[in-house]
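Heads up: the structure comes next, in structure tokens.
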Amino acid sequence: MPLAAMDEVIGPAYAAGHGVCAFNVIGIEHAEAIVTGAEAARAPVVLQISENCAAYHGALEPIARACLAVAGSAAVPVAVHLDHAASAELVRAAARLGLGSVMYDASGRPYRENVRATAGVARWCHGRGIWVEAELGEIGGKAGVHSPLARTDPGEAAGYVAATGVDALAVAAGSSHAMLTRDAVLDLGLIARIRRAVAVPLVLHGSSGVPDRDLAAAVRAGMTKINIATQLNKVFTAAVRHYLSAEPAVVDPRRYGSAGRDAVVPEVARLIGVVRASAGGAREPLSPVE
């Protein structure tokens with residue numbers, strides 16, 4: 001199946017009140033496992049490459065080309081997305097490589113600077129057919145240790161979307177990046193208020209720290225794109241540790257790497273099921289005047 005555009009994945013879900021999982025990639029094993037899990041769930045999915053991941057590989061190109069190749073051979077729609085890019089140059093690099101969507105993160109700047117920088121990136125991207133996500137309200141757990149108590153104001157969110165022209169908005173509502181426990185408490189009422197205030201899909205970052213029932217509730221409240229990274233890393237690493245504990249003489253990375261990859265597949269399918277199950281109590285689509 002050809003590489004999917006982000007709007008082809010997110011657009012129908014947003015219109016119907018469903019959720020879509022967006023999983024962060026570390027290496028090609030992650031990309032392969034995520035796509036295999038999505039195929040098992042028969043659902044669209046997003047492969048995300050963070051700025052930190054690009055730095056780990058020395059540049060965006062190696063891991064981006066790998067993800068594009070894996071996505072292009074999938075049996076379900078797969079979009080490839082640049083996540084948490086703090087520099088416009090990395091956004092331009094993603095465009096040159098053929099990524100059709102980016103998350104430009106200026107959330108650490110004062111509001112006016114965030115608006116100015118994000119609006120400029122959005123104009124540049126839209127001129128090239130690239131979908132843009134941005135963040136308002138620093139979501140906890142990134143470099144600088146932002147508090148999970150941070151909250152995005154609905155009125156400010158509406159003004160931000162109008163001023164920047166972004167296609168989706170990541171908001172702070174109680175989650176935090178890189179959580180190893182799943183006990184984050186989401187402000188579901190705030191999510192619903194932000195959804196009523198803005199006319200673009202909302203994105204939940206730091207979803208690995210959110211319990212399953214609350215992920216489903218977040219979609220019902222108004223979230224569309226559900227970003228997950230640390231949970232897959234936990235599953236991958238646990239499987240590798242278990243394999244090496246049982247087979248301490250093994251030195252071939254393919255053997256323990258495949259153990260990690262194989263463990264991620266069912267977890268991807270399970271998490272997709274959690275997010276899709278929320279459709280059973282899906283929110284009503286917004287009227288045009290809302």
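The values are calculated or read from the model by the stated rules, or taken from the named source; none is laboratory data. Bear in mind the structure is a predicted one, so any value in this text is a computation, not a measurement. In this analysis, Cβ positions are derived from the backbone assuming ideal geometry, glycine residues included, and neighbour counts consider all displayed protein chains. Note: accessible area is taken over every heavy atom of the protein model, side chains too, but ligands, DNA and RNA are not part of it. Shrake-Rupley method; radii C 1.70, N 1.55, O 1.52, S 1.80 Å.
Structure above, values below:
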item	result
Residue satisfying condition, being modelled with pLDDT of 85 or more and either in contact with a Lys or Arg (Cβ under 8 Å, 6 or more places away or on another chain) or surrounded by fewer than 18 Cβ atoms within 10 Å (Cβ to Cβ) (or both), within set Ala122, Ala93, Ala173, Ala162	Ala162
Number of positions in segment 57-82 that are without any contact (Cβ under 8 Å) to a residue 60 or more places away in the chain and under 18 Å from Ile228 (Cβ atoms)	4
Subset of segment 77-89 [among the hydrophobic types (A, V, I, L, M, F, W, C) and either at positive phi or surrounded by fewer than 20 Cβ atoms within 10 Å (Cβ to Cβ) (or both)]	Ala86, Ala88
Residue count for segment 215-258, restricted to those that are crowded, with 21+ Cβ neighbours inside 10 Å and part of a helix (DSSP H, G or I)	8
Segment 186-206: number of residues that are part of a helix (DSSP H, G or I) and in contact with a helix residue (DSSP H, G or I) (Cβ under 6 Å, 6 or more places away or on another chain)	6
Check on Asp105, of a type in the set (D, E, K, R) and open to solvent by less than 10 Å² (accessible area, probe 1.4 Å)	no
Condition check for Leu68: closer than 18 Å to Ile272 by Cα and in contact with a strand residue (DSSP E or B) (Cβ under 6 Å, 6 or more places away or on another chain)	no
Search result, residues across segment 42-55 that are open to solvent by 10 Å² or more (accessible area, probe 1.4 Å) and touching a strand residue (DSSP E or B) at 6+ places or on another chain (Cβ under 9 Å)	Pro44, Ser50, Glu51, Asn52
So Ala40, is it of a type in the set (A, V, I, L, M) and either more than 17 Å from Leu204 (Cα to Cα) or under 14 Å from the mean Cα position of the chain (by Cα) (or both)	yes
